[in-house]
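Asks: Okay, here's the structure, questions in a sec.
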Amino acid sequence: MILFFRTDERRAIFDALSLGTMVHVFLDFLVIRTDAMTPPYLYPLTWAPLPSGGIYLSSDIWYSLIALLVSGIILYLD
């Protein structure tokens with residue numbers, strides 16, 4: 001991919017793509033399924049899923065309501 005760019009830009013492009021890959025993999029560790037287990041990230045070694053560690057589901061409505069309430073208070077006070 002970086003070969004499509006000029007020679008002086010390749011280092012920056014490589015760094016950005018590498019950082020994006022690392023962030024994507026890190027955020028994949030936060031994925032939670034409804035059974036409170038993460039996908040099998042240790043696949044070459046084992047298919048065993050890891051426990052999610054109490055991170056909330058993105059479909060839980062209470063966090064959205066709390067965020068809406070807090071943003072409404074901030075909007076009203078500002």
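Asks: May I ask you to rank M37, M22 by accessible area, largest first, using a 1.4 Å probe over the protein chains only?
Replies: Heavy-atom accessible area, descending, gives M22, M37.
Asks: Check which residues have an amide H placed less than 5 Å from Y41's amide H, if you skip close sequence neighbours.
Replies: For Y41, whose amide H was placed from the backbone, the distant partners under 5 Å are L50.
Asks: Testing the spin-label approximation: label points 7 Å from Cα along Cα→Cβ at L17 and Y43. State their distance in nm.
Replies: The answer from the label model is 2.1 nm.
Asks: For the stretch 67-78, in order, what is each residue's ³J(HN,Hα) by Karplus, 6.51 cos²θ - 1.76 cosθ + 1.60 with θ = phi - 60°, in whole Hz (x at glycine and Pro)?
Replies: 5, 5, 5, 5, 5, x, 5, 5, 5, 5, 6, 7
Asks: Quick check: residue separation of I2 and L75 times 0.36 nm, minus the Cα distance between them. What number comes out in nm?
Replies: Contour length minus Cα-Cα distance gives 21.8 nm.
The values are calculated or read from the model by the stated rules, or taken from the named source; none is laboratory data. Note that the structure is a prediction, hence the values are computed from the model and not measured. So basically every Cβ, Gly included, is an ideal-geometry build from the backbone, and we count neighbours across all protein chains shown. What goes into the accessible areas is simple: the full protein's heavy atoms, side chains included, and nothing from ligands, DNA or RNA. Shrake-Rupley method; radii C 1.70, N 1.55, O 1.52, S 1.80 Å.
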